[in-house]
Amino acid sequence: MKGKDLTERVYREIKKDLMLRKIPSSELFSEQMLADRYHCSRTPAREAAGRLVAEGYLNKYPSRGYIVRLPTEREMYEMRYCCYTLERTALGLAIHNAYREELLSLNKLLDEEYEDPDLAYFSNMTFHYELAKLSGNQIIVSYIERLHGLMIRGESAPNYRGSAYLGQSMPESGEFHGAQRNMEMERENHRKIVEAMANSDLRTAVTWLCHDYYPDLPVEKISAGETGGDFCAI
C-alpha cells in the first residue's frame, strides 16, 4: 500500500483510536511515534495527523508533536445543538424517502450487545449515522458523522465532581469517576425513534430524538413544547 491509500488507512486508524479513547488526552506524541504505532513511514503519519489537526481532533505544537484536542463545554453545547438540528431534518427526509423495512432495519444495530463501554458508546454514534443515511442527503450525513466524531471525546470524558472533566490531565485531588451513561435508556430512546419513524409519526420521533440529545428534559415537556426554549420545537 502506497501514497494516498496508505495515508487514508493511517488517517482512519488514528481517527478510530481517538474516538475509542485509545490515545490518552494527556500525552504528547510525535510523528515518529505515530509511524511506529501504525506501521508506516513518517510521511503518511504526518499527512494523516495534519488532516486530523484541520478537522479539530488534534492540536499541533511545532517541534514538539501533537496532543489530543478535547472540546470545550461551549463547543460541546454548540455541536450537540447542530447535531440535533441536522438530525431532526434527517428524520423528516427519512420518513418521506425510506421504505418502512429500511427504517425498521435500524433495530438490528440496537440488538448488539457490548461488554466494552467504549464500543457501546461508539455504537450510539453508528445509530445516528445510519439514521442520517436514510435521509438520502449526503451533506447532512457527512456533517453528522464529523460532529459525532468530535463530540465522542467530550461526551465519553470522565466525570469529576459530577460534571464532565475535559482537561488534559487528571486533577491532583478529589475523586475521579468514569463517565456513567445509561446505555440501556439510550437504546430504548432509539427504539422509540425507529418505531415512530416506521409509523410516519414525525412529531413523536422528534420528541424522542430531543430527549436522546437532552436527557435532562422530561419527555412530557418536550412533547408539550414546554422546554423553556425553542431548540426542541417541532
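The values are calculated or read from the model by the stated rules, or taken from the named source; none is laboratory data. This one's a predicted model, so the numbers in the text were calculated from it and none came from an experiment. So basically every Cβ, Gly included, is an ideal-geometry build from the backbone, and we count neighbours across all protein chains shown. Just the protein is used for accessible areas: all its heavy atoms, side chains included, with ligands, DNA and RNA removed. Shrake-Rupley method; radii C 1.70, N 1.55, O 1.52, S 1.80 Å.
Can you check what the net charge comes to around Val53, using other residues whose Cβ is under 13 Å from the Cβ of Val53 (Lys, Arg +1; Asp, Glu -1)? Present the calculation step by step, with values, prior to reporting the outcome.
Working: positive: Lys15, Arg46, Arg51, Lys60, Arg69; negative: Glu31, Glu47, Glu55.
Net of charged neighbours comes to +2.
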What accessible area per residue, rounded to a whole number of Å², is obtained for region 36-113 using a probe radius of 1.4 Å? 59
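Expressed as cubic angstrom per residue, what is the convex hull volume of the alpha carbon set of region 53-116?
Numbers: hull volume 9.6 nm³, N = 64.
Per residue, the Cα convex hull of region 53-116 comes to 149 Å³.
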Measure off, as a whole percent, the carbon and sulfur share of the 1.4 Å-probe accessible area of region 1-157, all protein chains present. 50
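With only alpha-carbon atoms in the gyration tensor, what are the semi-axes of the equivalent ellipsoid for region 9-149, in Å, largest first? Each step should come with its number before you reach the end.
Working: eigenvalues 206, 55, 40 Å².
One finds semi-axes of 32, 17, 14 Å for region 9-149.
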Compute the relative contact order of region 11-82 as a whole-number percentage, counting only Cα pairs closer than 8 Å that sit 6 or more residues apart in sequence. 34
